[in-house]
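The structure appears below as structure tokens.
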Amino acid sequence: MPPKTYFPNLNGIRFILAGMVLVQHVAVVLQVMHISTIYQKVDALKAFGPVAVSMFFALSGFLITYLLLQENNTSGTISLRTFYLSRAKRIMPLYYLIIIIHLFILPHTPLQSFDDKLVLMDAASFKYSTIHLSDFSTKIWYIILLPQVALALMVATGNSTLPAGHVWSIGVEEVFYFLYPALLKKYAHNFKQLIFTLIGIYYLVAVLLFIVIQFSNTAILAKPIFQRAINFSIILIIYNRVNCMFIGAIGAYLFVKKHRYFYVITQTKVFYFSLVLLFILFAIGARVPFLTFELYCILFICVMLYLIKDNKHYFLENRVLNYLGKISYGIYMYQMLAIYGIVYLYTKVGFHFWYIYPLSFFATILLSAISYEFFEKRIINKKA
């Protein structure tokens, strides 16, 4: 695998996206605790988390595709062993630490009540039976790095115990990291055919699922077993948004090949148009039928490509944002623990609820920095 390439401004983008997810998670926790109704009143807040995660997926698709294509161009092949080892060192240690805390430590603390209330709110959005998964079954999916399956089963079966629900996206990325590089290694010479085949398969399945949903009230499909299967499929296929990674992959291909479309979408006027449109869509909480996340991700990739194309340093490139971007994985993983802790402190001390936001940010960043310096970095820098 080629040496890591540093793109100016990307760490700043990582931190902004992680911060957006944190803001939404704080709002959701406040809602379920009946502390504030701001989450219900501000549509933009409802989009913060899902859209930010979608953009994270697009960014992951871009970076992974860029590294793999560059390696293939320079060495003529792709070392899957090196790639898998690199990803495992970065993702698994912190993932399993968070899982251990949420599965085995949090249940014995007062903070567990916040996790339970969040799960009940999510589950209430779907029809499901009263069949429950066992705690053991739930833990197995987490242990084998498939928390997104645990989430889908929770929705399908009505399981009321889903710890660390926010780590579902890590499972989605891990599946992508496992399958996609192997496909790219085999079909790197015909990337366009590969990526559009994957996109075609995804949307074919999505359309078929949509058709099934339209007939879900018929006598046969209304049966509990089919309702559970439909809900499971919605979460596992649509909610997981792997298509956003494909959008990032296309951006990487255009960047690496310096395709003519790359020069079109990285024009200054396209950059400002995309940036302004992103802000407008966020401000009004806009949704486009069937293509909401795709639209956000396409605009995001246009903005990102402009920021990295000439290695110029914009306002996103500074020491503070660089460091916060480096620990953004920790910010995403630790944020629920930090939020629960601050909200619990609020229930005991009684300060104004608006202080929960900055305190949650501070606590999350502090936990993430300590984890990165004394735990994650040592493993990342450890030679195989």
* Structure fact -> Computed Rg/Rh for the chain (Cα atoms; Rh = Kirkwood radius) stands at 0.95
* Structure fact -> Listing Tyr263, Tyr296 by rising number of other beta-carbon atoms within 10 angstrom, fewest first, gives Tyr263, Tyr296
* Filter the DSSP H helices in the chain by two things, a Kyte-Doolittle mean of at least 1.0 and an axial alpha-carbon span of 20 angstrom or more, and list the hits by number. => 10-32, 191-214, 243-257, 268-284, 292-308, 356-371
* Mean residue ellipticity (222 nm) of the chain, computed from DSSP H runs ≥ 4 via -39,500 (n - 2.57), nearest 500 -> -23000 deg cm²/dmol
* **Ranked list, fewest to most other Cβ atoms within 10 Å of each Cβ, for Asp310, Asp43** => Asp310, Asp43
* Kindly flag which residue pairs out of Lys192/Lys257; Lys269/Lys312; Lys186/Lys382; Lys192/Lys258; Lys89/Lys192 have an alpha-carbon separation exceeding 19 Å in this structure. => Lys186/Lys382; Lys89/Lys192
* To do: Among the lysines, select those whose C-alpha is under 19 Å from the C-alpha of Lys223, and discard any that sit fewer than 8 residues away in the same chain.
  => Lys127
* **Value of relative contact order over the stretch 10-380, rounded to a whole percent, pairs C-alpha under 8 Å and six or more apart** => 29
* Within straight cross-link reach of Lys348, meaning Cα distance under 27 Å, which lysines are found once same-chain residues fewer than 8 apart are removed? -> Lys41, Lys117
* To do: Assign one of three labels to the stretch 249-384, namely rounded, prolate or oblate, based on the Cα gyration tensor with a ≥ b ≥ c the square roots of its eigenvalues; rounded applies when a/c is under 1.5, prolate when it is not and a/b is larger than b/c, and oblate otherwise.
  => oblate
* Peptides ranked, highest mean first, by Cβ atoms within 10 Å: ranges 54-65, 271-282 -> 54-65, 271-282
* Structure fact -> Final fewest-first order of Arg87, Arg81 on the 10 Å Cβ neighbour count is Arg81, Arg87
* **Given charges at beta-carbon only (K, R positive; D, E negative), |dipole| of the stretch 10-380 in Debye** => 740
* Structure fact -> Between Asp310 and Glu373, Cβ-based FRET efficiency (R0 30 Å, step 0.05) works out to 0.40
* Unit charges at the beta carbon, dipole of the chain: most positive-side option, Gly61, Val212, Met154 -> Gly61
* Can you pull the percent of Cα pairs in the stretch 178-261 with separation above 16 Å? -> 61
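No lab work stands behind these numbers, since they all come straight from the coordinates. If you're wondering where the values come from, they're calculated on a predicted model, not measured in any experiment. Using ideal geometry, Cβ is built from the backbone for each residue, glycine included, and neighbour counts are taken over all protein chains shown.
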